[in-house]
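Here the structure is laid out as C-alpha cells; the discussion comes afterwards.
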Amino acid sequence: MPQTDKPDNNQEDILQRISLQLHEHKLEDSKNQLNILHPAEIAHILESLPQDERNIAWELIEHDLSGDVLTFVNDEVRSGLIKLTNPDDLIAATETLATDELADILPDLPEDVIDQLLLAMDHQDKLRLESILKYPEDTAGGLMSIDSVSIRPDVSLDVVQRYLRFHGDLPDTTDCLFVVNRDDKLLGSLPLTDILTQPIELTVAEVFKPDVQYILAETDEHEVARMFEKLDLVSAPVVDEEHKLLGRITVDDVVDIIRNEADHSILSQAGLDEEDDIFSPIFRSTRRRSIWLGINLLTALLASWVIGLFSGTIEQLVALAILMPIVASMGGIAGSQTLTLVIRGIAVGQVGKSNSRKLMNKELAVGALNGFLWAAVIGALAFLWFQDFHLGAILALAIFFNLIVAAFAGATIPLILKHFGADPALAGSVVLTTITDVFGFFAFLGLAALFLM
C-alpha cells in the first residue's frame, strides 16, 4: 500500500481538491490523490461527497484498498457502494481482509459473494469467522480480533524470542502475548518488554502476569469501553464462559465505540442515526425525519389542547399569553439539564438501581432551590411589567412547581425508558418536553383561572 509523497493537508483541503477534480472530470488526478490516502481517510472523503461524485470516486479506488475502505464507511454508505460493485470486484476487494474485518461487513454483502468467499476459505479460516459471527456485533465477541499470539507457560523466553523472529510480523498494537494451557484456557499475559529484558533462560511460567484483565465475550461494547477507560488498557483478552481464549480487543477498537457513542448521543436527540448517510436520497431522508416530526406534532397538539382548556381565561387576560412561553421554557431547560446528566451517568455506568433514588432526591432539591430563586426573579419582573401582584405571584408559583416537576421527570424518564428497553437518548427529550410543556401550561393557566378570574 503506497504511502509516500502524501500531501500535508487537512481533510477539508483534500476533500475540496478531490471534489473540484471530480467536477472538472480530472479523474486521473482524483485517482492519484485518493489512492495515496489511508483507507480511513478515503472512507471519510466518500462519506463527505454527494452521491454522484461518490460513485465516481469509488470506481477510482484500487482493489487492494477498497476492501479496507468498506470496513471504515458507515452502514448506509457501505450498502450503497456494495450495490455499485460487481461481484467479482467485491470478492477481489474483500478476500484479503482480516477475518474480524470481513465479519464486520459480511452481512452487507450479496449472498452469491458470501458463498464464493466461504468456498475460497480454508477450514481454519471458516472456524475463525464463525467464532466471531456467533456473537452480536455490539458485544466483546463481535468486536474482538482473533489475531492474537498465545504461548504455553512451560517454554523458555529464548524459545519465545526465536518463535517471534520466525513468526515475523505481529498483529497491530500487540503489547503482550497471552499465556494459555493445553486446553487454550487463559492463564495470564506476558508483556513484550519482559520478553526483551528478562533473562532468556527463564520460563514463561516464572515471569508472566497471572492477574490479566480479561473480558467475557458476551460483555456489552459500552462496558468494554468503560473498562478500557477506567483501567487504561491498551489491549485485553476475550474469553468464553469456560475461560478459553477467543481473541483480543485493542484500544483502537474502543476509540471507535466512544466516537459512535458521542455521535449517537447528539444525533438521537433529533431522531437521527449515526449510520445515516448525510447525502442519502431526499425522499428517504424526508421519510425518516417525518416520523420524528409526527411524534413532535402529537406532543405539541397535547400542549395546545391544554392551552385550549383555558381559552376563555386567556381572552380575558392577554398577559397570560405573553408569559406562558416563560413557564414552558424554564421547565424545559431545567429538565434537559437533569436529563442530560442522568443519561450520561447511565452511559458511563455511574447511575443504576443502587443510587438512582439518591440522585433523584438530589435533583429534586436542586430543582426546588432553582425554582425558588427563579420564581422570585421572574415573578418580580412580571409584577414590574404588568403592575399586577397577583399575576406575578401566580407566574412565580407556576415556575416553582414546573422546575420541580422538570427535575423529577429528567431524573426518572431515562431510568424508566432503560427499564423498558428503549433508548433514553432517543426518546427522553421528547417525553420531557411534553411533560414540562403540559404541566407548565396547566399549572400557570389553572392557577390564573382560579385566582384571577
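Just so it is clear, none of the values below were taken in a lab; they were calculated from the coordinates. Computed from a predicted structure; not experimentally measured. Please note: Cβ atoms are built from the backbone with ideal geometry, for glycine as well, and neighbour counts cover all protein chains shown.
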Checklist outcome for this item: From DSSP H assignment alone, runs of 4+ in the chain each adding -39500 (n - 2.57), the sum over residues rounded to the nearest 500 puts [θ] at 222 nm at -21500 deg cm²/dmol
Checklist entry - How many angstrom separate the Cα center of the range 389-436 from the Cα center of the range 89-167? => result 49
Checklist entry - What's the percent breakdown of Cα-Cα distances in the chain across 20 Å bins, shortest bin first? => result 19, 39, 29, 11, 1
Checklist entry - Using a ≥ b ≥ c from the Cα gyration tensor of the range 114-258 (square roots of the eigenvalues), is it rounded, prolate or oblate, where a/c under 1.5 gives rounded and otherwise the larger of a/b and b/c decides, a/b for prolate? => result oblate
Checklist outcome for this item: Under the rule rounded for a/c under 1.5, else prolate if a/b exceeds b/c, else oblate, using alpha carbon gyration tensor axes a ≥ b ≥ c, the range 339-453 is classed as prolate
Checklist entry - Relative to the longest principal axis of the chain, what angle (0 to 90°, nearest 10) does the C-alpha long axis of helix 157-167 take? => result 90
Checklist entry - Could you give the alpha-carbon Rg of the range 304-398 over 2.2 N^0.38 Å, rounded to two decimals? => result 1.38
Item to check | Low-density loop cleavage sites - GluC sites (Glu not before Pro) in the range 191-258, where at most 15 other Cβ are within 10 Å (DSSP) | outcome: E201, E218, E241, E242
Next on the checklist: If the reach is capped at under 26 angstrom between alpha carbons, list the lysines near K358, excluding any in the same chain fewer than eight residues apart.
Outcome noted: K230, K418
Checklist entry - When only alpha-carbon atoms count, how far does the range 397-453 stretch along each of its three principal axes, as whole angstroms with the largest first? => result 46, 15, 13
Item to check | Phi to ³J(HN,Hα) by Karplus 6.51 cos²θ - 1.76 cosθ + 1.60 over the range 63-72, Hz, x for Gly, Pro | outcome: 4, 6, 9, 5, x, 5, 4, 4, 6, 9
Checklist entry - How large is ³J(HN,Hα) for each residue in the range 393-398, as worked out from phi by the Karplus curve 6.51 cos²θ - 1.76 cosθ + 1.60 (θ = phi - 60°), to whole Hz, x for Gly and Pro? => result 5, 5, 4, 4, 4, 4
Item to check | Set of lysines with alpha-carbon distance to K185 below 16 Å, sequence-local pairs under 8 removed | outcome: K209, K244
Checklist entry - Which of the peptides 153-161, 332-340, 319-327 is most tightly packed, and how do the rest follow, going by the mean number of other Cβ atoms within 10 Å of each residue? => result 332-340, 319-327, 153-161
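What dipole magnitude, in Debye to the nearest 20, does the range 282-451 give about its Cα centre under +1 on Lys/Arg Cβ and -1 on Asp/Glu Cβ?
Approximately 880 debye in magnitude.
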